[in-house]
Ligand SMILES: [Zn+2]
C-alpha cells in the first residue's frame, strides 16, 4: 500500500519541484540582474600589505577574478613580478626592465587592490604643483579621513619618478630587501595617469595607511610604483569607497609571515 502511494507521489511531486525551482531561478535572476547593473561601491583586495611586506609573493587569485571586481587599481603579479596598474579595465605590469606588458587573465596576483571607479568629485589641477603638496590638497577634499578613497590624476606631468622591483624566487625575501634592488625610472613631459588609494590609519597593515599610488603613461611606455611627480595641467578624480572585500591566501601556501 505504502509502496503504491510512493509510486503515485512521483508524478505529482515532479511538477511541484519544477515550480519551486522556477520560482527560485526567478528570484536569483532578478537579484542577479540588479547587481550586474550596479557594481558594488567597494574596494576588492587580494591579501594584506603586511603579508606582502613579509614575502607573501605567491600569486593565488587569477587576474580574471580580480577583473570581475574592479576596473581600476594597483598591485603586483605572481613572484612580485613588477608593478601592476589597472586603468579602464586594462591590466598592465611595469617590469624592472622598464618594459610594460599587458597582463593576461590567466596570470595571478599575491596582492592587488581594485575598484569599479565611479568618482564623486572631479576638479582641475591649478598651476604647477608637486606630489606631496597636491596629495595634501586632495586630502582636504575628503569628507572623512576614516574612509577609503580611490584617486586618479590624469594630465600632463612635467616630471614623474617611479620604480619597479625584480621578480623573486622562493624562499622569498622580505619586501624591504627587494626594494634595495629596485629600479628607478624618471621621465619628463609625460601624459598619463596616477592611480591608487588613500587608506585610513586604522587599516595600516591591511593596506598602506595613507597613499599608495602607481603611474602609467597614456601610451603605456612608462610607469611603475609612484615616487614623485610635478604636474601643471590635469584632472583629479576622487571616488570614496563604502566597503572593503578581501580574498585571504590559501592555508596551504608556504609563507614567511611571522
Ligand atoms: Zn606599489
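Put the Cα centre of the stretch 193-241 next to the Cα centre of the stretch 113-168 and the gap is 5 Å.
Distance between the modelled labels on residue 97 and residue 186, one decimal in nanometres: 2.4 nm (7 Å Cα→Cβ projection). Of the peptides 82-89, 121-128, 171-178, the order by per-residue mean of other Cβ atoms within 10 Å, starting with the highest, comes out as 82-89, 171-178, 121-128.
Taking label positions 7 Å along the Cα-Cβ direction at both residue 38 and residue 132, the computed distance is 4.2 nm, reported to one decimal. Note on the stretch 85-179: Kirkwood hydrodynamic radius from all Cα pairs is 16.7 Å, rounded to one decimal. The radius of gyration of the Cα set in the stretch 87-132, together with its Dmax, comes out at 15.3, 42 angstrom. Each 5 Å bin from 0 upward holds the following percent of the Cα-Cα pairs of the stretch 44-247: 1, 8, 17, 21, 21, 17, 10, 3, 0, 0.
When the convex hull of the Cα atoms of the stretch 115-165 is projected onto a plane and the area is averaged over all directions, what value comes out in nm²?
On the way: hull surface 20.3 nm².
Spelled out: convex hull of the Cα atoms, projected over all directions, averaged, 5.1 nm².
Every number here is computed from the coordinates shown, using simple stated rules; none is lab data. From a predicted model like this one, the values you see are computed outputs, not experimental measurements. No Cβ is skipped: glycine too gets one built from the backbone with ideal geometry, and neighbour counts run over all protein chains shown.
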